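Below is one structure; the comments refer to it alone.
The values are calculated or read from the model by the stated rules, or taken from the named source; none is laboratory data. Remember, it's a predicted structure, so these values are computed and weren't measured experimentally. Cβ: placed from backbone, ideal geometry, glycine included. Neighbour counts: every protein chain shown. Each accessible area value is taken on the protein alone, full model and side chains, heavy atoms only, with ligands, DNA and RNA left out. Shrake-Rupley method; radii C 1.70, N 1.55, O 1.52, S 1.80 Å.
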Amino acid sequence: MKVNLCLGAYSAVFKDFIASKPFTKIFLVTDETVWGIYGEEVRNAFDLTTRSIFILPSGESCKTLENIRKTWSFFIDKKVDKSTLVIAFGGGSVSDSVGFAASTFKRGIETLYIPTTLLAQVDAAIGGKTAINIGGVKNVVGTFSFPLIIISDTHFLKSLPSDEIKNGIAEMLKHSLLCSKEYFDKLNAKTKVEEFINEDLIIESAKFKTKVVEEDPFDKSERKQLNFGHTIGHAIESLLLQQKKDISHGAAVAAGLVMETYLSYKYFELNRSVYEDVLTAVSKYFDKVQFTEPDFEMLIDLMTLDKKNIHNEIFMVILRDIGQQEILAVSPPQIREALHVYINL
Ligand SMILES: NC(=O)c1ccc[n+]([C@@H]2O[C@H](COP(=O)([O-])OP(=O)(O)OC[C@H]3O[C@@H](n4cnc5c(N)ncnc54)[C@H](O)[C@@H]3O)[C@@H](O)[C@H]2O)c1
């Protein structure tokens with residue numbers, strides 16, 4: 001499996017790509033916010049008519065079955081077929097939703113992604129996972145389907161709100177810890193959110209994800225390492241959402257990174273200095289997530305639902321060193337200790 005990732009001036013890359021492909025029709029699906037900012041520019045750059053654009057609601061709300069049905073209806077109306085190209089232009093919600101609609105329409109039509117958030121450029125658009133939410137359960141229905149090409153241009157990130165940039169920062173920090181000390185040190189040298197809108201840093205993160213996905217496209221082995229920080233992070237995100245408290249995915253993952261690095265140091269011989277560095281890096285951009293001791297058992301219950309678990313034991317990604325990781329069982333008392341240390345930071 002080869003992931004075709006191209007970083008640079010989107011319009012030129014698109015024209016080069018399209019020149020050699022015999023597509024009879026091109027449509028673009030986006031969300032309201034992205035289209036509101038870049039619609040005119042992109043329509044002109046790609047020479048599209050307004051009839052070839054389909055606009056979804058912004059963000060997570062586009063990942064519903066109802067919006068998939070509307071997208072399929074648009075495809076039927078426009079006589080989309082195997083010689084059509086569908087462009088998904090937006091953040092991870094748009095690529096998840098459009099990727100799902102396209103991969104199930106006529107058992108799969110060709111797509112091209114243009115990610116417009118930092119998180120989508122370093123993570124969501126790379127890897128061929130599509131997903132929608134059903135009955136409040138996130139990403140519960142989805143497919144594996146790879147776009148022909150992913151065109152990433154930092155030009156689109158200039159309008160991104162700071163909290164959205166932070167969601168990308170959490171995943172970049174994760175990638176760096178799984179990748180190399182050199183990359184982690186480069187990220188840790190940054191002090192401001194905007195400094196992460198940096199082509200070289202984004203390329204490094206996107207290339208790391210690409211490499212892992214190419215080794216294990218269908219998430220059977222190697223790719224599970226990308227769950228680092230997410231076993232505890234997902235549990236925290238679910239708990240706070242159940243408690244109707246605001247929590248961003250990035251803040252939950254950042255807390256997960258801190259606690260899973262703590263467990264790596266305390267029980268699996270990771271050097272303490274790595275834990276201290278992760279804490280420093282995360283604290284620059286994320287406030288501490290608020291939960292208390294009475295929440296611990298619920299958090300551990302939520303972790304027992306994690307798909308990495310075997311025989312009712314909680315498995316998580318453990319760092320032996322930066323760039324060296326393993327998936328290992330961690331006991332509830334060890335997890336309780338990490339939660340305790342975190343709330344007392
Ligand atoms: N498929 C995967 O492998 C994968 C991996 C990680 C996350 N995801 C999914 O990605 C989704 C989150 O994606 P996201 O973080 O990219 O956010 P998003 O797509 O939900 O967008 C967040 C908000 O930012 C707006 N926005 C997007 N680009 C903008 C820009 N350039 N300027 C200003 N506003 C902009 C959107 O309209 C939206 O309101 C989640 O649904 C998550 O489940 C998927």
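If you scan segment 224-279, which residues turn out to be open to solvent by 10 Å² or more (accessible area, probe 1.4 Å), under 20 Å from Gly127 (Cβ atoms) and not hydrophobic (A, V, I, L, M, F, W, C)?
Lys224, Gln225, Asn227, His230, His234, Glu237, His249
Just checking, which of Ser52, Ser93, Ser73, Ser83 is modelled with pLDDT of 95 or more, of a type in the set (Ser, Thr, Tyr) and within 15 Å of the ligand (Cβ to nearest atom)?
Ser93
Can you confirm whether Glu110 is more than 11 Å from the ligand (Cβ to nearest atom), without any contact (Cβ under 8 Å) to a residue 24 or more places away in the chain and assigned by TED's automatic domain parsing to the domain that holds Ser52?
no
Can you name the strands (runs of 3 or more DSSP E) wholly within segment 1-117 that have at least 1 residues being open to solvent by less than 10 Å² (accessible area, probe 1.4 Å)?
Ranges flagged: 25-31, 53-56, 84-90, 110-115.
If I filter segment 135-170 down to residues being modelled with pLDDT under 95 and part of a loop (DSSP other than H, G, I, E, B), which single residue comes out as farthest from the ligand (Cβ to nearest atom)?
It comes out as Gly135.
Within the group Ile300, Ile318, which residue is in contact with a strand residue (DSSP E or B) (Cβ under 7 Å, 6 or more places away or on another chain) and β-branched (Val, Ile, Thr)?
Ile318
Of the residues Ala88, Ala9, which is at pLDDT below 95, within 17 Å of Ile151 (Cβ to Cβ), of a type in the set (A, V, I, L, M, F, W, C) and touching a helix residue (DSSP H, G or I) at 6+ places or on another chain (Cβ under 8 Å)?
Exactly one of Ala88, Ala9 is at pLDDT below 95, within 17 Å of Ile151 (Cβ to Cβ), of a type in the set (A, V, I, L, M, F, W, C) and touching a helix residue (DSSP H, G or I) at 6+ places or on another chain (Cβ under 8 Å), namely Ala9.
On the given criteria, is Thr210 surrounded by 15 or more Cβ atoms within 10 Å (Cβ to Cβ), in a helix (DSSP H, G or I) and within 15 Å of the ligand (Cβ to nearest atom)?
yes
Restricting to segment 187-207, name every residue that is of a type in the set (Lys, Arg), open to solvent by 50 Å² or more (accessible area, probe 1.4 Å) and assigned to a loop (DSSP other than H, G, I, E, B).
Once the filter is applied, which keeps residues that are of a type in the set (Lys, Arg), open to solvent by 50 Å² or more (accessible area, probe 1.4 Å) and assigned to a loop (DSSP other than H, G, I, E, B), segment 187-207 yields only Lys192.
Name the single residue, out of those in segment 118-132 being open to solvent by less than 30 Å² (accessible area, probe 1.4 Å) and not hydrophobic (A, V, I, L, M, F, W, C), that is nearest to the chain's Cα centre (by Cα).
So the residue we want is Asp123.
With the checklist (1) without any contact (Cβ under 8 Å) to a residue 24 or more places away in the chain; (2) within 17 Å of the chain's Cα centre (by Cα); (3) under 22 Å from Thr116 (Cβ atoms) in hand, flag the one item Glu237 doesn't pass.
(3)
For Glu276, only one of the following conditions fails: (1) out of contact with any Asp or Glu (no Cβ under 7 Å at 6 or more places or on another chain); (2) over 19 Å from Glu337 (Cβ atoms); (3) of a type outside the set (S, T, N, Q). What is its number?
Checking Glu276 against (1) out of contact with any Asp or Glu (no Cβ under 7 Å at 6 or more places or on another chain); (2) over 19 Å from Glu337 (Cβ atoms); (3) of a type outside the set (S, T, N, Q), the one that fails is (2).
Name the residues in segment 319-345 that are touching a Ser or Thr at 6+ places or on another chain (Cβ under 7 Å) and of a type in the set (Gly, Ala, Ser), would you?
Gly323
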